[in-house]
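We did not get these values from a lab; they are worked out from the coordinates using the rules stated. Here the structure is a predicted model, which is why all the values come from computation and not from measurement. Note that we place each Cβ from the backbone using ideal geometry, even for glycine, and neighbour counts take in every protein chain shown.
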Amino acid sequence: MDISKLVEQNKVLIRENELRKNQALEQFRNWLKKHPFIKNCRQDDGFLLMFLRTRKYSFDDTAKTFENHFHLRKKHPKWFDADPPAMEVLKSLIRCGCVYVLKDKDIVGQTIFCINAAKLDTTKFNSDVCFHSCFMTSSVAIEDEVTQIIGLTYILNYTNISMSFCSLFSVSDIIDWVKSTGSLPQRFKKFIIIGLPAFANALLNVTKMAMTEKQRNRLLILDSCDELCKHVDPSILPDILGGTQSEEKIIEHFIKTVDDNLDKLKSSNNFEFKASLQNNVEETVGSFRKLDID
């Protein structure tokens with residue numbers, strides 16, 4: 001796999017070249033200087049490019065996602081908490097194999113995010129911890145430029161989950177989580193669900209109802225990990241998912257990646273959101289539209 005070639009191919013798909021990138025970053029920062037209710041937020045190239053790349057350099061769409069993203073952070077601060085106690089909980093979930101990102105990209109260059117739900121101790125953790133682990137793990141993943149450009153595949157392994165796991169989540173929790181994905185600066189390419197028991201079908205139906213048509217088209221439901229290896233190269237998968245890599249090594253690598261990005265995760269939480277949570281983000285999109293250079 002020639003990752004540099006895949007990156008260049010995907011840059012064409014997201015309409016990125018050096019001239020457009022540099023102009024868009026300048027225009028983005030100029031827009032932020034005048035923004036009426038988002039102040040003092042992170043503005044390094046890597047952070048702003050997450051949004052531009054996700055929305056393929058469409059300024060209208062980038063503006064909406066950016067504003068909705070900070071609206072989400074303001075509404076659910078626990079989901080993005082990067083303070084030491086919350087990060088220690090996250091690391092404990094990574095170490096037990098509940099959530100992590102694989103070391104290697106797949107055959108098309110996508111980053112693989114894995115959740116092994118049965119490993120969650122439902123006597124110790126609640127839904128907020130689950131959502132925090134998802135959002136912070138993906139936040140680490142998208143600090144990587146290749147991930148920003150090519151995208152993410154989510155593997156949700158529900159093999160051997162208990163009723164107590166399902167009882168952690170209300171219908172409104174699931175809807176809120178699915179809807180929130182539209183406010184994240186990530187290129188979601190595929191959702192793979194594995195081994196979901198029949199008693200959890202109601203949760204799946206709620207999830208599918210809350211998804212957009214585009215998300216539903218990218219949803220793949222498999223009965224077992226054996227089937228997964230037909231869709232993802234087993235040489236990059238952990239042994240628990242039928243692959244050939246040591247899960248312990250993958251976890252060790254990802255813990256280091258989390259530590260390496262900790263300052264950026266903290267910096268992402270340093271902002272002021274001066275509007276009501278009921279504010280209509282459309283009110284300020286118009287000014288951003290005027291900066292469109294396409």
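Run the dipole for the chain about the Cα centre, Lys and Arg Cβ at +1, Asp and Glu Cβ at -1, nothing else charged, and hand back the magnitude in debye, nearest 20.
Working: 40 positive and 39 negative charges, 181 e Å.
Charge dipole of the chain: 860 debye, to the nearest 20.
How big is the range 82-167 on each of its three principal axes, counting only the C-alpha atoms and giving the largest first in Å?
Taking max minus min along each principal axis of the Cα atoms, the range 82-167 gives 38, 31, 18 Å.
If we sort 146-153, 212-219, 266-273 on the protection proxy, mean other Cβ atoms within 10 Å, highest first, what's the order? Working shown, then result.
Values: 146-153: 21.9, 212-219: 12.2, 266-273: 14.8.
Ranking, from highest mean packing down: 146-153, 266-273, 212-219.
Among SER246, HIS76, ILE115, which residue has its Cα furthest toward the positive end of the charge dipole of the chain, with +1 on Lys/Arg Cβ and -1 on Asp/Glu Cβ?
Sorting the options by dipole projection puts first HIS76.
Hull surface divided by four, with the convex hull built on the Cα atoms of the range 41-117: how many nm²? Before the final figure, lay out each step's value.
Values: hull surface 28.2 nm².
Its Cα hull, projected and averaged over all orientations, spans 7.0 nm².
Calculate for the chain the 222 nm mean residue ellipticity that helices alone would give, adding -39,500 (n - 2.57) per DSSP H run of length 4 or more and normalising by residue count, nearest 500 deg cm²/dmol. Show your work: numbers first, answer last.
On the way: 15 runs with 149 residues, N = 294.
Calculated from helices alone, the mean residue ellipticity at 222 nm is -15000 deg cm²/dmol.
To the nearest 10 degrees, how steeply does helix 201-210 sit against the main Cα axis of the chain, on a 0 to 90 scale?
The two axes meet at around 10 degrees.
Report, to the nearest 10°, how far helix 84-95 tilts away from the longest principal axis of the Cα atoms in the chain, using its own Cα long axis and a range of 0 to 90°.
Here the helix axis deviates by roughly 40 degrees.
Write down the percent of antiparallel bridges among all DSSP beta bridges whose residues are both part of the range 83-263, to the nearest 5.
Values: 3 of 20 bridges.
If I count the DSSP bridges inside the range 83-263, around 15 percent turn out antiparallel.
Across all directions of projection, what mean area in square nanometres is found for the Cα convex hull of the range 83-263? Please report the intermediate quantities before stating the final value.
Working: hull surface 38.5 nm².
Value for the range 83-263: 9.6 nm².
To one decimal place, what Kirkwood hydrodynamic radius in Å is obtained for the range 1-149 from all pairs of distinct Cα atoms?
17.2 Å
What ranking do GLU8, GLU227 get, fewest neighbouring Cβ atoms within 10 angstrom at the top?
Values: GLU8 12, GLU227 15.
Taking fewest neighbouring Cβ atoms as first place, the list is GLU8, GLU227.
Near the amide H of ILE236, under 5 Å away, which other amide H atoms are found, from residues 5 or more places off or on another chain, if H is placed in the peptide plane?
Counting only residues 5 or more places away or on other chains, the set is THR244.
Express in nm, to one decimal, how much length is gained between ALA202 and ASN40 on full extension, taking 0.36 nm for each residue of separation and deducting their alpha carbon distance.
Details: separation 162, 0.36 × 162 = 58.32 nm, distance 4.22 nm.
Computed gain between ALA202 and ASN40 is 54.1 nm.
Relative to the longest principal axis of the C-alpha atoms of the chain, give the angle of the C-alpha long axis of helix 45-54, reported between 0 and 90° and rounded to the nearest 10°.
Here the helix axis deviates by roughly 80 degrees.
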